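Presented below is the structure to which this report refers.
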Amino acid sequence: MTILGTTFAVFFSLLQVVSGESGYAQNGDLEDAELDDYSFSCYSQLEVNGSQHSLTCAFEDPDVNTTNLEFEICGALVEVRCLNFRKLQEIYLIKTKKFLLIGNSKICVKAGEKSLNCKNINLATIVKPEAPFDLSVIYREGANDFLVTFNTSHLQKKYVKVLMHDVAYRHEKDENNWMHVNLSGTKLTLLQRMLQPKTTYEIKVRSIPHDYFKGFWSEWSPSYYFRTPEINNHSGETNPILLTISLLSVFSVVVLVILACVLWKKRIKPIIWPSLPDHKKTLEHLCKKPTKNLIVSFNPESFLDCQIHRVDDIQARDEVEGFLQDTVPPQLEESEMQRPAGDVQSPSWPSENVATTPETFGRDPPLRCLAGNVSACDAPILSSSRPLECRESGTNGPHVNQDLLLSLGTTNSTLPPSFPLQSRILTLNPVAQGQPILTFLGSNKEEAYVTMSSFYQNR
Amino acid sequence: MKNLGQSKKGEVSFRKIFILQLVGLVLTYDFTNCDFTEIKKEYCRTIREDLLTYMSGTKSTEFNTTIFCNNRSHCLTEIQRLTFNPTPGCAPLAKELFVLRTNATLALWCPGYSETQINATQAMKKRKKRKVTTNKCLEQVSQLPGLWRRFIRTLRK
């Protein structure tokens, strides 16, 4: 009896152990092997209807027999402990304002009083936004691009306001080649050059929570179809304007080049590259020839055929006369010339304009010009410290500058052929005195060059 | 005899007040060990919008800011005091959404907070309910956004 009892005890214990390993636990709940059949997923949608939130759950296995199966949520609720889902065909839905959205809620699949499968979920981390809507594409001809705009209901919500949008578009011929663009706003610009011409494109958009809330992508918005224009038409419309502008530009450049070539020597080059004054040429240029026979040259051989007239009358100022008597050598004949500075060509000169120098006549004889006496030689007027004075020609004969000698042509008086080498300018002035008046510049060659250059500058 | 009875009643009321204050001191929570980052997330996620909803219709300059805090723990202490402790003229705001979420946030991210609150709630049950004065409550709640902003600024340091 004892052995029999022991045998039955061992048998029943083994039976209990075997029955436990077969998947049926003592508490009646299903073990892990069967839990996978009741796996489910949920997503929440906040403020889907005013201030009401929704929670939707469904089994991952579509073949699950949902008869007598319920869903229940407990925890993280306002004023209540648990809420039951409402069954709609194959999904389970609950709409309520009582989601606390802080902390985890426990969602269980229940068969009667038994919990088949439970999950601890924070409803703020399984948010699925509502799908965007009003998707449209507008072609902007001026900007050569396409403006994509859409709307979303989350712009007016309190909690889930910050979203990330995914715009997808594809070529009608490439069915699986979707191009994606992520943006946080509700406007997107697609450049025309990024798209193929004369092609139909399909475009759609979806959203996902981006800020403190987390979750899943929303459903795609309804697709929008648009066609890109031809490139030729578009470029042809803008050509006339560009063509006109380019033609005008070319014409202007050509005109400028022609003008530059024509005016180069006369106008442009003197401004850009002014020529340095050549004193000899300057003096020759400045001295005008009142008569055909007037010779302007520094070459004494040019005056071999000239008749040099003797000057008998001298017009001199009183204040200068004494100076001239002290400084003028006896062989020199002086004449006075009075001319204003800088105005050598003018026939009328101020009468009181007298230039004197402290130098002696031997070295730098002063030159004085008489009022109203027009000199045949337009010698440059000094603006420097050494003014010019016309010298009177004495009875002994004039001193003639070997470089410069003016001749009036037909005169009654003659000049001696020999002249000392001095840097002077002789001028004949038949207007005021009836006899030519010879004027001299300073004998210093350097002074003559200086005065000529400065006169050129003044001119 | 009447004077003797009145004096005894006064002693009893003073004793109750003293005990209640003592309980309050003992049950004051130290927020030093809280997860401030998660508390900030919860505030930015829901509590901030709830406070704005509660204060909607009032101007930002209508009430002066009279309560300040120095550090994170001090800010949470002041937030807790203004959110949960009733003040004369304003009954507890327990049913408001921002109150519920603040309580849930502190209970979730501050170890030992929920037990303290339960005991304090039981100790305070004996206090009489006062009539809710909307303006008084608005004035009290108007201090909370500033305290929360100050709390967030301390986290940026």
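The values are calculated or read from the model by the stated rules, or taken from the named source; none is laboratory data. As the structure is a prediction and not an experimental result, all values here were calculated from the model. When we count neighbours, we look across all protein chains shown, and the Cβ atoms used for this are built from the backbone with ideal geometry, even at glycine.
Considering only the stretch A:127-152, state which residues are away from chain B (no Cβ under 14 Å) and among the β-branched types (Val, Ile, Thr).
Those that are away from chain B (no Cβ under 14 Å) and among the β-branched types (Val, Ile, Thr): A:Val137, A:Ile138, A:Val148, A:Thr149, A:Thr152.
From the list A:His154, A:His171, A:His180, exactly one residue is on the phi < 0 side of the Ramachandran plot and touching a Pro at 6+ places or on another chain (Cβ under 9 Å). Which is it?
None of the other options fit; the residue is A:His154.
Specify the residue that is surrounded by the fewest Cβ atoms within 10 Å (Cβ to Cβ); the eligible residues are those in the stretch A:101-123 that are within 11 Å of another protein chain (Cβ to nearest Cβ) and out of contact with any strand residue (DSSP E or B) (no Cβ under 8 Å at 6 or more places or on another chain).
A:Gly103
Could you go through the stretch A:192-203 and let me know if any residue there is within 30 Å of A:Phe99 (Cα to Cα), touching a strand residue (DSSP E or B) at 6+ places or on another chain (Cβ under 7 Å), part of a strand (DSSP E or B) and not assigned by the TED database to the domain that holds A:Tyr92.
No; the residues of the stretch A:192-203 include none that is within 30 Å of A:Phe99 (Cα to Cα), touching a strand residue (DSSP E or B) at 6+ places or on another chain (Cβ under 7 Å), part of a strand (DSSP E or B) and not assigned by the TED database to the domain that holds A:Tyr92.
B:Arg153 versus (1) away from chain A (no Cβ under 14 Å); (2) crowded, with 19+ Cβ neighbours inside 10 Å; (3) modelled with pLDDT of 90 or more: which is the lone unmet condition?
Result: B:Arg153 passes all but (2).
Return the residue satisfying two criteria in turn: it lies in the stretch B:65-81 and is assigned to a helix (DSSP H, G or I) and more than 12 Å from the chain's Cα centre (by Cα), and of such residues it is surrounded by the most Cβ atoms within 10 Å (Cβ to Cβ).
So, considering only residues that are assigned to a helix (DSSP H, G or I) and more than 12 Å from the chain's Cα centre (by Cα), the one surrounded by the most Cβ atoms within 10 Å (Cβ to Cβ) is B:Arg72.
If you go through the stretch A:63-86 one residue at a time, how many are farther than 19 Å from A:Tyr38 by Cα, away from chain B (no Cβ under 14 Å) and crowded, with 16+ Cβ neighbours inside 10 Å?
1
Quick test of your reading of the structure: A:Asn177 fulfils all but one of (1) in a strand (DSSP E or B); (2) free of Cβ contacts under 8 Å to residues at least 12 places away in the same chain; (3) of a type in the set (S, T, N, Q). Name the failing condition by number.
(1)
Pick from the stretch B:116-150 the residues that are part of a helix (DSSP H, G or I) and hydroxyl-bearing (Ser, Thr, Tyr): which of them is modelled with the lowest pLDDT?
Among those residues, the one meeting the criterion is B:Thr121.
Which one is modelled with the highest pLDDT among residues in the stretch B:82-115 that are surrounded by fewer than 18 Cβ atoms within 10 Å (Cβ to Cβ) and polar (S, T, N, Q)?
Per the criteria, the residue is B:Asn85.
Which ones in the stretch B:30-76 are among the charged types (D, E, K, R) and more than 11 Å from chain A (Cβ to nearest Cβ)?
B:Asp30, B:Asp35, B:Lys59, B:Glu62, B:Arg72
A:Arg170 versus (1) of a type outside the set (A, V, I, L, M); (2) touching a strand residue (DSSP E or B) at 6+ places or on another chain (Cβ under 7 Å); (3) part of a loop (DSSP other than H, G, I, E, B); (4) closer than 16 Å to A:Arg227 by Cα: which is the lone unmet condition?
Status for A:Arg170: all satisfied but (3).
Might you check whether a residue that is modelled with pLDDT under 95 and among the acidic types (Asp, Glu) occurs anywhere in the stretch A:185-208?
Checking the stretch A:185-208: not a single residue is modelled with pLDDT under 95 and among the acidic types (Asp, Glu).
Can you pull out the residues in the stretch A:207-218 that are surrounded by fewer than 20 Cβ atoms within 10 Å (Cβ to Cβ) and within 19 Å of A:Leu188 (Cβ to Cβ)?
A:Ile208, A:His210, A:Trp217
What are the residues in the stretch A:247-280 that are exposed (fewer than 10 other Cβ atoms within 10 Å of the Cβ), part of a loop (DSSP other than H, G, I, E, B) and not hydrophobic (A, V, I, L, M, F, W, C), if any?
Passing the criteria: A:Pro274, A:Ser275.
Do the conditions hold for A:Phe71, that is, is it in contact (Cβ under 8 Å) with a residue 12 or more places away in the chain and assigned by the TED database to the domain that holds A:His180?
When the stated conditions are applied, A:Phe71 does not pass them.
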